[in-house]
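Below is one structure, written out as structure tokens; the observations come after it.
The values are calculated or read from the model by the stated rules, or taken from the named source; none is laboratory data. Given the structure is predicted, the values throughout are model-derived calculations rather than measurements. Cβ placement follows ideal geometry from the backbone for every residue including glycine, while neighbour counts extend to all protein chains displayed. The area values use the complete protein model at the heavy-atom level, side chains included, leaving out ligands, DNA and RNA. Shrake-Rupley method; radii C 1.70, N 1.55, O 1.52, S 1.80 Å.
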Amino acid sequence: MADAASQVLLGSGLTILSQPLMYVKVLIQVGYEPLPPTIGRNIFGRQVCQLPGLFCYAQHIASIDGKRGLFTGLTPRLCSGVLGTVVHGKVLQHYQECDKVEELGPGNIQKEVSSSFDRVIKETTREMMARSAATLITHPFHVITLRSMVQFIGRESKYCGLSDSIVTIYREEGILGFFAGLIPRLLGDIISLWLCNSLAYLVNTYALDSGVSTMNEMKSYSQAVTGFFASMLTYPFVLVSNLMAVNNCGLAGGCPPYSPVYASWIDCWCTLQKEVGKLSSCS
């Protein structure tokens, strides 16, 4: 119980500290660029046009809404984090209790020790179920968080309070409105998890020397590095999920002419691929 409480407190603290950067990141993802590019130099010393950094965007938001405005959407995001931590822990606890029941089963048969690869498959599957359950339960709060942030673009006040936002989404879109963008988010989480754990297993098993004295440290580093690469590879799912969460929701940032209306998340994915292709050919 104390461990769960500490996780909730730690997660809430990190959520509060990262809220301004999360706010800026979401606005950039939906294509909001209020500040003109500036002339700078790349790593080779050549002059190039550069978009302002995250802190410049944060200063722009603070100049309009004040420093308190940087924490727009914090309440539903905190609710999502706390609820997600609890659900994730409960699912894993359920699996642990099932293991204890099997160990104390009739006959108390000694099971053979499974291979390391089998353990990776088992642990990853359980983690996938826990994360998926947490994502499914908390996604409505995630949608409210994104929409309360994106309404900064059109200076709307449609999604201000948590209860008012829930009523608005249910009245205009029904139950499905709370799960806009859920599928690509789930797919991204699942693919990222399996990529991370599989790559970490391969690196730890075949690339690292088990005789090294700092083996445990190396394994922890490999887990972090593979997690970073997995998150990079699955970032398109995060982007599509966030765009679909605010798509055609009545806000200027999610409706024409600012943003096209996507028929589905696959349509959004294909449209972004075409736009990236055009940008690549132009550059």
Pull up segment 41-63, narrow it to residues that are open to solvent by 80 Å² or more (accessible area, probe 1.4 Å) and at pLDDT 90 or above, then point me to the one that is nearest to residue 156 (Cα to Cα).
-> 63
Under 7 Å between Cβ atoms, at least 6 apart or on separate chains: pull out the pairs that start in segment 256-269 with a residue that is among the β-branched types (Val, Ile, Thr) and end on any residue that is open to solvent by 60 Å² or more (accessible area, probe 1.4 Å).
-> 261/248
Is there any pair linking a residue in segment 31-45 that is closer than 24 Å to residue 61 by Cβ to one that is β-branched (Val, Ile, Thr) and surrounded by 11 or more Cβ atoms within 10 Å (Cβ to Cβ), with Cβ under 6 Å and at least six apart or on different chains, and which?
-> 32/153
Some residue of segment 181-204 being open to solvent by 70 Å² or more (accessible area, probe 1.4 Å), closer than 16 Å to residue 77 by Cα and not basic (Lys, Arg) | no
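Determine if segment 99-112 includes at least one residue that is modelled with pLDDT under 85, open to solvent by less than 60 Å² (accessible area, probe 1.4 Å) and either assigned to a helix (DSSP H, G or I) or of a type outside the set (A, V, I, L, M, F, W, C) (or both).
Yes, there is a match, as at least one residue in segment 99-112 is modelled with pLDDT under 85, open to solvent by less than 60 Å² (accessible area, probe 1.4 Å) and either assigned to a helix (DSSP H, G or I) or of a type outside the set (A, V, I, L, M, F, W, C) (or both).
Can you tell me how many residues in segment 131-168 are crowded, with 19+ Cβ neighbours inside 10 Å and in a helix (DSSP H, G or I)?
So the count comes out to 18.
Given the structure, is residue 118 acidic (Asp, Glu) and either within 12 Å of the chain's Cα centre (by Cα) or under 22 Å from residue 23 (Cβ atoms) (or both)?
The answer is no for residue 118.
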Filter result (hydroxyl-bearing (Ser, Thr, Tyr) and in contact with a Leu (Cβ under 7 Å, 6 or more places away or on another chain)) within segment 11-56 | 12, 15, 23
